[in-house]
1. How many angstrom lie between the Cα centre of the range 30-70 and the Cα centre of the range 92-127?
2. With a sphere of radius 11 Å drawn around the Cβ of HIS133, what net charge do the other residues whose Cβ falls strictly inside it have (Lys, Arg +1; Asp, Glu -1)?
3. Compute the Cα gyration tensor for the range 1-64, then decide on rounded, prolate or oblate, letting a ≥ b ≥ c be the square roots of its eigenvalues: rounded whenever a/c is under 1.5, prolate when a/b is larger than b/c in the other cases, and oblate in all that remain.
4. Report ³J(HN,Hα) in whole Hz for each residue of the range 44-52, in order, from the Karplus equation J = 6.51 cos²θ - 1.76 cosθ + 1.60 where θ = phi - 60°; Gly and Pro get x.
5. How large is the accessible surface per residue of the chain, computed with a 1.4 Å probe and reported in Å² as a whole number?
6. Please identify every one of the GluC sites (Glu not before Pro) in the range 1-105 that sits in a loop by DSSP and has no more than 16 other beta carbons within 10 Å of its own beta carbon.
7. Once the other residues with Cβ under 15 Å from the Cβ of VAL123 are scored (Lys, Arg +1; Asp, Glu -1), what is the net sum?
8. From the Cα gyration tensor of the range 64-134, with a ≥ b ≥ c the square roots of its eigenvalues, which class applies: rounded if a/c is under 1.5, or else prolate if a/b is larger than b/c, or else oblate?
Amino acid sequence: MIPRGIHHVGVAVVDLEQAVDTYVGLLGGTVEHQASLAVQGVEAVSVLLGSGRIELLAPTGEDTPVGRFLARRGPGMHHVAYEVGDVAEALAGLRAAGARLVDEEPRAGLFGLQVAFVHPDAVHGVLTEVVSHG
């Protein structure tokens, strides 16, 4: 797997509106997208900052991946997402290299992306996401 680059950094937040205000008002970002993904139990806002992108994630409940993350670690960096040409191909390469995967198959992610997660144990403690535009 050779990523095209970092697609976004995911940040877990308790108050989505307050976080958007911070990233837009304090850091000069621009809201790119906002969406809910019931399957993942998350409300998300993508904020463009210069040539980069931050994905602000607020849980829809305590018993969701981001809800459990916040309970254990508090707000902060949740994951790094790398853009790839094809998520299924990237997963096959990661699997062949012996990486522990969270997702065995690509799934629909936020903002129309195909996504899959790689377990933090495979990438030195960082939850890693591979994403593509379809």
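The values are calculated or read from the model by the stated rules, or taken from the named source; none is laboratory data. Just so it is clear, the structure is predicted and the values come from calculations on it, not from any experiment. Note that we place each Cβ from the backbone using ideal geometry, even for glycine, and neighbour counts take in every protein chain shown. Surface areas here come from the heavy atoms of the whole protein model, side chains and all, with no ligands, DNA or RNA. Shrake-Rupley method; radii C 1.70, N 1.55, O 1.52, S 1.80 Å.
1. Spelled out, the Cα-based centre of one part sits 18 Å from the other.
2. Working: positive: ARG4; negative: GLU83, ASP86.
Residues near HIS133 contribute -1 overall.
3. Values: a/c = 2.31, a/b = 1.16, b/c = 2.00.
Oblate shape, in that a/c is at least 1.5 and b/c is the bigger or equal ratio.
4. Calculated HN-Hα couplings, in order: 9, 9, 9, 10, 7, 10, x, 8, x Hz.
5. Accessible area per residue: 54 Å².
6. On the way: sites: GLU17, GLU32, GLU43, GLU55, GLU62, GLU83, GLU89, GLU104; in loops: GLU62, GLU104.
Taking the range 1-105 and a limit of 16 other Cβ atoms within 10 Å, the loop GluC sites (Glu not before Pro) found are GLU62, GLU104.
7. -1
8. Here the range 64-134 falls in the oblate category.
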